[in-house]
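Q: The following block contains the structure, expressed as structure tokens.
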Amino acid sequence: MFTNRCGLVGIEVSNGSRGDCFDNAAMESFHASLKKDLIHRRSWPTKAEARTAVFEYIEAFYNRRRRHSRLGMLSPVDYENSSHTIDGVRTASRLAHTNKINYNTTSTAAKAA
């Protein structure tokens with residue numbers, strides 16, 4: 001029923017193979033962090049406010065400052081700066097630092113920070 005409804009509005013549902021628990025683990029982890037760190041902490045009177053806050057969370061915090069367990073507890077910026085080279089020359093990350101936004105996180109990776 002859910003898959004049929006998604007199809008009616010043009011959404012293609014991705015389903016992994018039976019018993020494959022790793023199919024969507026990265027996105028489920030991201031969404032859990034997003035919900036704990038931002039979404040469930042306040043009400044959102046308009047979609048525009050929520051959309052802007054989610055964009056800022058992803059671009060200013062999650063991708064730049066939040067430490068990720070898969071990156072050895074480094075932020076993506078620190079990981080890229082420590083490992084990105086072109087022709088043997090270390091280069092800066094494409095992710096520029098932005099103004100600091102204070103997110104009081106509850107996620108496991110942020111607690112380890």
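Q: Would you kindly state how much longer the chain becomes between His31 and Leu74 on full extension, computed as 0.36 nm times their sequence separation minus their alpha carbon distance, in nm to one decimal?
A: Between His31 and Leu74, full extension yields an extra 13.5 nm.
Q: Along Cα→Cβ, 7 Å out, is where each label goes; now give me the distance between the ones at Ala48 and Asn63 in nm to one decimal.
A: 2.3
Q: Just add up the charged neighbours of Val54: K/R +1, D/E -1, any other residue whose Cβ is under 12 Å from the Cβ of Val54.
A: -1
Q: Now for a different question. Could you give the nm distance between label points at His40 and Phe2, where each point is 7 Å from its Cα heading toward the beta carbon?
A: The modelled label-to-label distance comes out at 1.8 nm.
Rule-based calculations on the coordinates, nothing more; no lab input. Please read all numbers here as calculations on a predicted model, not as lab measurements. With ideal geometry, Cβ positions are generated from the backbone for all residues, glycine too; neighbour counts draw on all protein chains shown.
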